[in-house]
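J.: After the structure tokens below, expect a handful of questions from me.
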Amino acid sequence: MKSVSFSSLNKIEQNLIKEAFEASEHSISDHKVGCAILDTEGGIHKGSVNRHSRVVGPTCAERMAVDQLSFKDKIPELCVLVGTFKRKGWKDHFLCTPCGVCLEMFLDLKKRLGIEEVRFLCVSWDKTKVLRVDLGELYPQIGKN
């Protein structure tokens, strides 16, 4: 797990962050969350948080992007997550990381595809904080298994 500056990221990473922010604009919720996953062939799969009034529970941005990735039988190389929440005390410099359900989904994806690791960039809404982290660090009980 490593904090890095936005300006230190390469152009591909910065573009993926831009794509995640664009995806967040499609959120159907008071919250804005966007995810963009780069696959190993250079394709981008995006998702946003969706909360419909007649459906139990929201669809996380990560789950929407992973569904697209899986539908096309692609392998993730890097997942970017951005978000801002309309809740008391939330600040634009806070980081949005995958929820427990999404961590389980990424663990399943890792095992199903037989990949070594799933890498993330978690970016604050104001882009002042960028966390470079692996699934094994967000979900430490799995380690590198």
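Residue-by-condition table, conditions (1) without any contact (Cβ under 8 Å) to a residue 12 or more places away in the chain; (2) acidic (D, E):
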site	(1), (2)
D67	no, yes
S70	no, no
L78	no, no
G83	no, no
T97	no, no
G100	yes, no
E104	yes, yes
K111	yes, no
E117	no, yes
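J.: Quick check, is F6 among the hydrophobic types (A, V, I, L, M, F, W, C) and exposed (fewer than 11 other Cβ atoms within 10 Å of the Cβ)?
T.: On the way: among the hydrophobic types (A, V, I, L, M, F, W, C): yes; exposed (fewer than 11 other Cβ atoms within 10 Å of the Cβ): no.
Considered against the rule, which asks whether it is among the hydrophobic types (A, V, I, L, M, F, W, C) and exposed (fewer than 11 other Cβ atoms within 10 Å of the Cβ), F6 comes out as no.
J.: Moving to a separate point now. Which of the residues spanning region 48-58 are over 11 Å from H31 (Cβ atoms) and either touching a Pro at 6+ places or on another chain (Cβ under 9 Å) or at pLDDT 95 or above (or both)? Let's see the steps before the verdict.
T.: From region 48-58, those over 11 Å from H31 (Cβ atoms) are 52-57; that's our starting set.
Correct list: H52 only.
J.: Moving on. Looking at region 76-93, which of its residues are part of a loop (DSSP other than H, G, I, E, B) and closer than 22 Å to A65 by Cα? Before the answer, list the steps.
T.: Within region 76-93, the first condition is being part of a loop (DSSP other than H, G, I, E, B), and the residues that meet it are 85-93.
Hit for region 76-93 is F85, nothing else.
Conditions (1) in contact with a strand residue (DSSP E or B) (Cβ under 6 Å, 6 or more places away or on another chain); (2) at pLDDT 95 or above; (3) over 20 Å from L131 (Cα atoms), marked per residue:
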{"site": "I17", "(1), (2), (3)": "yes, yes, no"}
{"site": "H26", "(1), (2), (3)": "yes, no, yes"}
{"site": "C35", "(1), (2), (3)": "yes, yes, no"}
{"site": "C60", "(1), (2), (3)": "no, no, no"}
{"site": "K86", "(1), (2), (3)": "no, no, yes"}
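J.: Somewhere in region 107-123, is a residue within 18 Å of A20 (Cβ to Cβ), open to solvent by 20 Å² or more (accessible area, probe 1.4 Å) and either modelled with pLDDT under 90 or of a type in the set (K, R) (or both)?
T.: Yes, because at least one residue in region 107-123 is within 18 Å of A20 (Cβ to Cβ), open to solvent by 20 Å² or more (accessible area, probe 1.4 Å) and either modelled with pLDDT under 90 or of a type in the set (K, R) (or both).
J.: Looking at region 1-25, I want the residues that are closer than 22 Å to T40 by Cβ and have a partner that is surrounded by fewer than 11 Cβ atoms within 10 Å (Cβ to Cβ) with Cβ atoms under 9 Å, at least 6 apart or on another chain. Which pairs are those?
T.: Short answer, once both residue conditions are applied: I12/G42; Q14/S7.
The values are calculated or read from the model by the stated rules, or taken from the named source; none is laboratory data. Everything quoted here is computed from the prediction, not taken from an experiment. Glycine also receives a Cβ, built like all others from the backbone with ideal geometry; neighbour counts cover every protein chain displayed. Only protein heavy atoms, including side chains, enter the accessible area calculation; ligands, DNA and RNA are left aside. Shrake-Rupley method; radii C 1.70, N 1.55, O 1.52, S 1.80 Å.
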